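One structure is given here, and the rest of the page talks about it.
The values are calculated or read from the model by the stated rules, or taken from the named source; none is laboratory data. Since the structure is predicted, the reported quantities are computational estimates derived from the model, not experimental observations. No Cβ is skipped: glycine too gets one built from the backbone with ideal geometry, and neighbour counts run over all protein chains shown. Heads up: the accessible areas ignore ligands, DNA and RNA and are worked out on the full protein's heavy atoms, side chains in. Shrake-Rupley method; radii C 1.70, N 1.55, O 1.52, S 1.80 Å.
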Amino acid sequence: MDFNLTEEHIMIRDAARDFAKNELLPGVIERDEKQEFPKEQIKKMGELGFLGMMVSPEYGGGGMDTVAYVLAMEEISKIDASASVVMSVNNSLVCWGLEKFGNEEQKQKYLIKLATGESIGAFCLSEPEAGSDATSQRTTAIEKDDHYLLNGTKNWITNGSIADFYIVIAQTDKEKKHKGINAFIVEKGMEGFEIGPKEQKLGIRGSDTHSLNFNDVKVPKENRIGEDGFGFKFAMKTLSGGRIGIAAQALGIAAGAYELAKEYSKVRKAFGTEIMNHQAIAFKLADMHTSIEAARHLVMKAACDKDNGENYDLSGAMAKLFASKTAMDVTVEAVQVHGGNGYVKEYHVERLMRDAKITQIYEGTSEIQKIVISRSILRD
Ligand code: COS
């Protein structure tokens, strides 16, 4: 692993940092309070290329590597995790899966629009009774003449109402269990496709999370991704990369809270001196910095594995497990360093603490990451 960033990496990181400070920071508290989606900001992110960073230029993307992507994810997440989850889902779960496993027609029709930010994507795997247990899909897609008939409900879908294209995982043959699962591209507006109510969330409240209902939606056969029965593997492979993005998001949330706590400790005075001069505070900052650095190494390792063509199931799971725990630990401590001010909205850290929690839940809970990690290390 080479941690020397290239000039391009530094440029991208700095561009993401500037964008986050200039475009996302203004209004971030109000958007959180009102559960308001950062529509204009996401549009700009698309124009700047943040929504299709790893897609090849042939399909309208930035042609960048995973290291560039995680650097940008970290910077955006320091300020606004509601915006970075849109970026993560569009880049890793939708664009990556389509570019890797979609056919040329699907790439021309959908990927180009998604990579340029003209359209937004959503990834629909979770169901009321199939979250961690992803093989237990109740949504069915029954094969008919020239289409599949899609029926079922998906839950907690990021970009639920604002997306244009949805990758939907469904059971096509129950007998075959996970080998009878397929992935389909569903378009907003297809007859029988209804968007359910918006979720009222603890954190990432600016993001747009809905349940979705499919009632006899006719999905053309050409919208199936890959060979018949490839859907579960498609979901697993896509989520493996998605977890690197969420690990970078968690890292950003932690780093954002740490930077605020460090700055606060230099100006806030107690007992006649800045609180950084009290060991109780200095030691907290030392712990925070150390775990953030460790998380960053794991995130970079996973990103490098992916860029080098190595298997990244294990490194991605470890990065997500550790970075999301770091995000929780660090944000709780950042609130503590801020004392009473940490408990009110204007200091940002209470929002970061609420935002951190989801990183231990979505794209595979911490317990799922431990399944992936333990299976991987015990197999050797
Ligand atoms: N890449 C490719 N294939 C994979 C894979 C991966 N990362 N992980 C599993 N598979 C394949 C297995 O090889 C197996 O295929 P074969 O039967 O051909 O060998 C198949 O998928 C089933 O795997 P397994 O038996 O391990 O399935 P389990 O039901 O035990 O589940 C876990 C495995 C728990 C890892 C999986 O269900 C999972 O990741 N769950 C969490 C899903 C999730 O992230 N939900 C959040 C929703 S998105 S916000």
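Worth a mention:
- Its Kirkwood hydrodynamic radius, worked out from the mean inverse distance over all distinct Cα pairs, puts region 54-202 at 16.4 Å.
- Here the scattering of the chain is modelled by Debye summation over its C-alpha atoms, one equal scatterer each and no solvent; at q = 0.15 Å⁻¹ the log10 of I(q)/I(0) is -1.32.
- For the pair ILE29 and THR273, label points projected 7 Å from Cα toward Cβ lie 3.1 nm apart.
- Three principal axis extents describe the C-alpha atoms of region 24-68; from largest down they are 39, 19, 14 Å.
- When +1 charges are put on Lys and Arg Cβ atoms and -1 charges on Asp and Glu Cβ atoms, the dipole computed for region 78-177 relative to its Cα centre reaches about 220 debye.
- This model, with +1 at the C-beta of Lys and Arg and -1 at the C-beta of Asp and Glu, gives the chain a dipole about its Cα centre of some 860 debye.
- Whole-angstrom Cα spans of region 1-133 along principal axes, big to small: 42, 40, 30
- Estimated dipole of region 238-377 in Debye, rounded to 20 [Cβ of Lys and Arg +1, of Asp and Glu -1, Cα centre]: 200 debye
- Whole-Å semi-axes of the ellipsoid equivalent to region 160-247 (Cα gyration tensor, √5λ, descending): 24, 19, 11
- Enclosed volume per residue, in Å³, of the convex hull spanned by Cα atoms of region 236-380: 104 Å³
- The C-alpha atoms of the chain define a longest principal axis, and helix 7-19 lies at about 80 degrees to it.
- Carbon/sulfur fraction of accessible area - region 141-219, other protein chains in place, 1.4 Å, %: 47 percent
- Between the residues ILE10, ALA319, MET276, the greatest Cα displacement towards the positive end of the dipole of the chain, with unit charges on the Cβ of Lys, Arg, Asp and Glu, is found for MET276.
- Take each peptide in 231-242, 269-280, 317-328, count the other Cβ atoms within 10 Å of every residue, and average; sorted highest first, the result is 317-328, 231-242, 269-280.
- Shape descriptor for region 188-315: Rg over Rh equals 1.17 (Cα atoms; Rh from the Kirkwood inverse mean 1/r).
- Annotation: peptides 372-378, 52-58, 261-267, ranked by per-residue average of other Cβ atoms within 10 Å with the highest first, follow the order 52-58, 261-267, 372-378.
- Note on region 42-85: the C-alpha convex hull projects to 2.9 nm² when averaged across all orientations.
- Summed over qualifying helices (DSSP H, 4 residues or more, each -39500 (n - 2.57)) and divided by its residue number, the chain shows a 222 nm mean residue ellipticity of -15000 deg cm²/dmol.
- Helix 366-379 axis, angle to the chain major axis (alpha carbon atoms, nearest 10°): 80 degrees
- Heavy atoms of the protein chains alone define the surface here; on that basis the chain has 44 Å² accessible area per residue at 1.4 Å probe size.
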